[in-house]
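Read the structure below first, then the notes.
Bear in mind that the values in this text are calculations on the coordinates, not laboratory data. Since this is a predicted model, take the numbers as computed values, not measurements. Heads up, the Cβs are rebuilt from the backbone with ideal geometry, glycines too, and the neighbour counts pull from every protein chain shown.
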């Protein structure tokens, strides 16, 4: 992962931030809360995970818990503190972690697209022959590449087992047969797509 980030031009600071945000989202899943007896108010059930989250995000742990347990909301022209029960706090933690992960993912996609963008119209293309033959579209998207790649892997598996291995078996056993030319071997194309960093 770290090498892939380097290839895509991420700085060390950007990588550290990505790791911290990802780790904080994971630790949020371990934050525990309990309901106060006879009250509609939740409280922290230990702060070990919250301490980790706060440290990773560079925020004060007390402020993190205060904003989860008793957030300030706007009512009319004023801000008031609203107590939250255990379920409401769990929903807030879930919403916060989903929001952070969503923004991180969108940032990663944007950064990768900026790095990989040639600023020119498509200059090259690779046609991958699938089981049914070439599928010709004006533009092959990533989804179609995945479909073609999967089909080509299946075709290669089929060709290898039905033609190559069978014919080797015939040869070992001295069986007379007529050589079957199953067409072009596209293993090199598969390797090109499958290798680290792919195309």
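Here are the numbers for the structure shown:
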| quantity | calculated |
| --- | --- |
| Sorted by Cβ neighbour density within 10 Å, fewest at the top, the residues 47, 11 | 11, 47 |
| Value of [θ]222 nm, deg cm²/dmol, for the chain, DSSP H segments ≥ 4, -39500 (n - 2.57) each, nearest 500 | -17500 deg cm²/dmol |
| Residue order, fewest to most surrounding Cβ atoms within 10 angstrom, among 28, 100, 162 | 162, 100, 28 |
| The stretch 2-116 - percent relative contact order, Cα under 8 Å, separation 6 or more | 26 |
| Principal-axis tilt of helix 86-116 within the chain, Cα atoms, nearest 10 degrees | 40 |
| Rounded FRET efficiency, nearest 0.05, which uses the C-beta distance separating residue 36 from residue 59 and R0 of 22 Å | 0.35 |
| Efficiency of FRET from Cβ geometry, residue 82 and residue 23, R₀ 22 Å, rounded to 0.05 | 0.15 |
| Normalised alpha carbon radius of gyration of the stretch 4-85 [divisor 2.2 N^0.38 Å] | 1.43 |
| Residue exposure sequence - 49, 178, 143 - by fewest surrounding Cβ within 10 Å | 178, 143, 49 |
| The chain, relative contact order [Cα under 8 Å, separation at least 6], % | 15 |
| Computed over the chain, Kirkwood Rh from alpha-carbon pairs, angstrom | 22.5 |
| Separation between Cα centres of the stretch 38-57 and the stretch 1-26, rounded to whole Å | 26 |
